[in-house]
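Visitor: Below you'll find the structure I mean.
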Amino acid sequence: MAMSKTVTKAVDVARLHLRTGNPGAYARALAGEHRASSPRQQRAIEAVIAADACERLFTRHTGNGCLLAREG
């Protein structure tokens, strides 16, 4: 799925956090980008998270379905 330049940059920065051992920053970065994105871009972000096998770092907001970073 195609990502916008902004989302692509956010994913690159988030993956850098993941590679350097900071999964919390990865989750916060992508959760914030997910909330600010269109439904199409949200699906692309969710595909990235699945490809990185990091679903466990997220939960969904019960009201609007947006991703939230799990803390702790």
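Visitor: List the GluC sites (Glu not before Pro) within the chain that DSSP assigns to loop and that have no more than 10 neighbouring Cβ atoms inside 10 Å.
Guide: On the way: sites: 33, 46, 55, 71; in loops: 71.
Answer by residue number: 71.
Visitor: Can you match Cα extents along the principal axes in Å to one of these, (1) 39, 29, 18; (2) 100, 12, 8; (3) 29, 29, 18, based on a calculation from the structure here?
Guide: So the structure-derived entry is (3).
Visitor: For the chain, which whole percent of the accessible surface, found with a 1.4 angstrom probe, sits on carbon and sulfur atoms?
Guide: Details: 2380 of 4430 Å².
Carbon plus sulfur share of accessible area: 54 percent.
Visitor: Give me the net charge of residue 67's neighbourhood, meaning all other residues with Cβ under 11 Å from the Cβ of residue 67; Lys, Arg count +1, Asp, Glu -1. List each step's numbers first, then the result.
Guide: Values: positive: 28, 35, 60, 70; negative: 33, 46, 55.
Surrounding charge for residue 67 is +1.
Visitor: Given a 1.4 angstrom probe, what's the average accessible area per residue across the chain, in square angstrom?
Guide: Values: 4430 Å² over 72 residues.
In whole numbers, the chain has 62 Å² accessible per residue.
The values are calculated or read from the model by the stated rules, or taken from the named source; none is laboratory data. Treat the numbers as computed from the prediction; the structure is a model and nothing was measured. Please note: Cβ atoms are built from the backbone with ideal geometry, for glycine as well, and neighbour counts cover all protein chains shown. Calculation scope for accessible area: heavy atoms of the full protein, side chains included, ligands and nucleic acids excluded. Shrake-Rupley method; radii C 1.70, N 1.55, O 1.52, S 1.80 Å.
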